[in-house]
Every structure is written in structure tokens, then in C-alpha cells.
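Undergrad: Take a look at the following structure, please.
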Amino acid sequence: MLTVALPKGELLKNSILLLQSVGLDFSAFLDSGNRQLQIYDVSGQAKGLLVRAQDVPVYVEYGQAQLGIVGYDVLKEKKPQVAQLVDLQFGYCRMSVAVKASAPYKLPLDLPTHGRVASKYVNCAREYFQTLDLPIEIVPLYGSVELGPITGMSEAIVDIVSTGKTLRENGLTEIATLYESTARLIAHPLSYRLNMGNIHQLVEEIRQGVAVGV
Ligand code: PRP
């Protein structure tokens, strides 16, 4: 039996729709009253695990799930040992550097040496500023990072921008984009190589579904 790790949050609905299109029904995860974290598809062919987006690659890396759906942003940050199989084309967002709209910084290189940058994505932020050879202090946060510049704790943030509404409503503006992100289908490499649970066929069906825009 195949196990699929599904991400709570933004990507969940489209992930479930995609799996439904290839015959796997985990829609019970979308019921507001549901508290079950592991459910079986009605066909009994597969099991779904509902996990925090950042934890999807962990379950896949350890082989508890043979497949997972997760944002490229999480893969960039965590660099897990998993196989990236398909760009699923949903969940578009970008990783950006943002500052207060009223700040004098037009480019990341304008930021003051040893200034502070708040982020949930500390590795991405650190690597980015290293490539610019700009020494900065990363302030790790778990959420609401926009408050960094608003409160004066940091000059900038490195964070996900999707619609841009959060930045706008908090008086921040983007000054650079690190990369763009979409949801990815990932696999446990050994399970894929061994074609466990006929994983190849399922992946091919997903690939074809994405290609025709299911
Ligand atoms: C993410 C991100 C931004 C927001 C961007 O936060 O960190 O705050 O979404 O989306 P937008 O461009 O469409 O406004 P999330 O919703 O995960 O909340 P958090 O900051 O509490 O983690």
C-alpha cells in the first residue's frame, strides 16, 4: 500500500483534488470537523497522512510515506533527500526580500551592513545574502514576519509572497525575488526505484493529469 503525505494549509485542497483525479480520495481531510491525521482511501489502495507542510519531506525522507506533496520553498529551505518528480503547477508563490515602503532601500545591497533580516526561511535568507557578500543578521521567526520591519526589529524580511496582500496591508514592498515556488510531487527515492505499490503508474497518471491541466 502506498502512503502519501499531504500538507496542511494552502496546498491541501488542490493536493486532494489532484489525487482525486487519479482515483485516490482523501477528501475527508477537508471536512472542518475532521481530526483524523491518517485516513485510508476507500479503495484501500492508499493511505494519506495529514502533516505540517514543513514535515512532508521528513515523512518521505524516512520512508513512512512513499509520496508527498510540498512547496518548492520548503524543499529549498530544508534540502531533504527526496526525489522531486513533478512540478504540480499550483500553489504559485515567490520568495522575496521586502522592506518598509517608506524605507530608503531600493535593492538588497542598499541594506546596512550587519542589519537584520527576519525570516521563517533562515537558510534561504542566509544563502542569498552570502551570495551578495553582504553580512547581515538573520532573525528567525515562526510567522507574521512582516512585523519585523514594522516594529523596527529588522530592516527587511525574506518571506513568501503569494497575492502580495499581506505586504500591501502592512506597508511593505518587495525589493528582490530569490526564486519562484510551486507545489511538487516528491518521492522516497528507494521506494520509487523499487516501484513499491506500483508507484510508477500513479506518478505517470499524475504527470499526465498535470500536463492536460486537471
Ligand atoms: C504567508 C507568508 C505571508 C503571506 C503571503 O504567511 O508568510 O505572510 O502568507 O501571502 P499573500 O502574499 O497572499 O498575502 P502564512 O499565511 O503562512 O502565515 P504566517 O506568517 O503566520 O506563517
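Undergrad: Could you please find all residues in the stretch 62-88 being part of a helix (DSSP H, G or I) and buried (at least 22 other Cβ atoms within 10 Å of the Cβ)?
TA: Residues satisfying the conditions are Asp73, Val74.
Undergrad: Same structure again: Taking Glu137, is it more than 11 Å from the ligand (Cβ to nearest atom), in the same structural domain as Tyr105 (by TED's automatic domain parsing), farther than 25 Å from Gln89 by Cα and under 19 Å from the mean Cα position of the chain (by Cα)?
TA: no
Residue by residue, here is whether (1) assigned to a loop (DSSP other than H, G, I, E, B); (2) crowded, with 22+ Cβ neighbours inside 10 Å; (3) not assigned by TED's automatic domain parsing to the domain that holds Ser191 holds:
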| position | (1), (2), (3) |
| --- | --- |
| Asp25 | yes, no, no |
| Gly48 | no, yes, no |
| Val60 | no, yes, no |
| Ser102 | yes, no, yes |
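Undergrad: Moving to a separate point now. Considering each of Tyr179, Tyr128 in turn, give the residue that is away from the ligand (no atom under 13 Å from the Cβ) and touching a Leu at 6+ places or on another chain (Cβ under 6 Å).
TA: Going through Tyr179, Tyr128 in turn, just one is away from the ligand (no atom under 13 Å from the Cβ) and touching a Leu at 6+ places or on another chain (Cβ under 6 Å): Tyr128.
Undergrad: Sticking with this structure for a sec: Cβ-Cβ under 6 Å, sequence separation 6+ or interchain: first residue in the stretch 29-44 and at positive phi and assigned by TED's automatic domain parsing to the domain that holds Lys8, partner surrounded by 11 or more Cβ atoms within 10 Å (Cβ to Cβ) and of a type in the set (Lys, Arg). Which pairs?
TA: Note: no pairs meet the criteria.
Undergrad: Applying the selection to the stretch 141-170, what residues are more than 13 Å from the ligand (Cβ to nearest atom) and in contact with a helix residue (DSSP H, G or I) (Cβ under 7 Å, 6 or more places away or on another chain)?
TA: Ser154, Glu155, Ala156
Undergrad: If Arg184 meets every condition in (1) among the charged types (D, E, K, R); (2) more than 21 Å from Glu61 (Cα to Cα); (3) under 22 Å from the mean Cα position of the chain (by Cα) apart from one, which number is that one?
TA: Going through (1) among the charged types (D, E, K, R); (2) more than 21 Å from Glu61 (Cα to Cα); (3) under 22 Å from the mean Cα position of the chain (by Cα) one by one, Arg184 breaks only (2).
Undergrad: Among the candidates Thr182, Thr173, Thr166, which residue alone is in contact with a Lys or Arg (Cβ under 9 Å, 6 or more places away or on another chain) and either in contact (Cβ under 8 Å) with a residue 60 or more places away in the chain or buried (at least 16 other Cβ atoms within 10 Å of the Cβ) (or both)?
TA: The conditions single out Thr173.
Undergrad: Quick one: in the stretch 162-204, which of the residues that are β-branched (Val, Ile, Thr) and touching a Gly at 6+ places or on another chain (Cβ under 8 Å) is nearest to Leu109 (Cα to Cα)?
TA: Selected residue: Thr182.
Undergrad: Tell me yes or no: at least one residue of the stretch 3-14 is within 16 Å of the ligand (Cβ to nearest atom) and under 13 Å from Ile206 (Cβ atoms).
TA: Yes; the residues of the stretch 3-14 include at least one that is within 16 Å of the ligand (Cβ to nearest atom) and under 13 Å from Ile206 (Cβ atoms).
The values are calculated or read from the model by the stated rules, or taken from the named source; none is laboratory data. Predicted model only: the values in this text are computed from it and were never measured. Note that we place each Cβ from the backbone using ideal geometry, even for glycine, and neighbour counts take in every protein chain shown.
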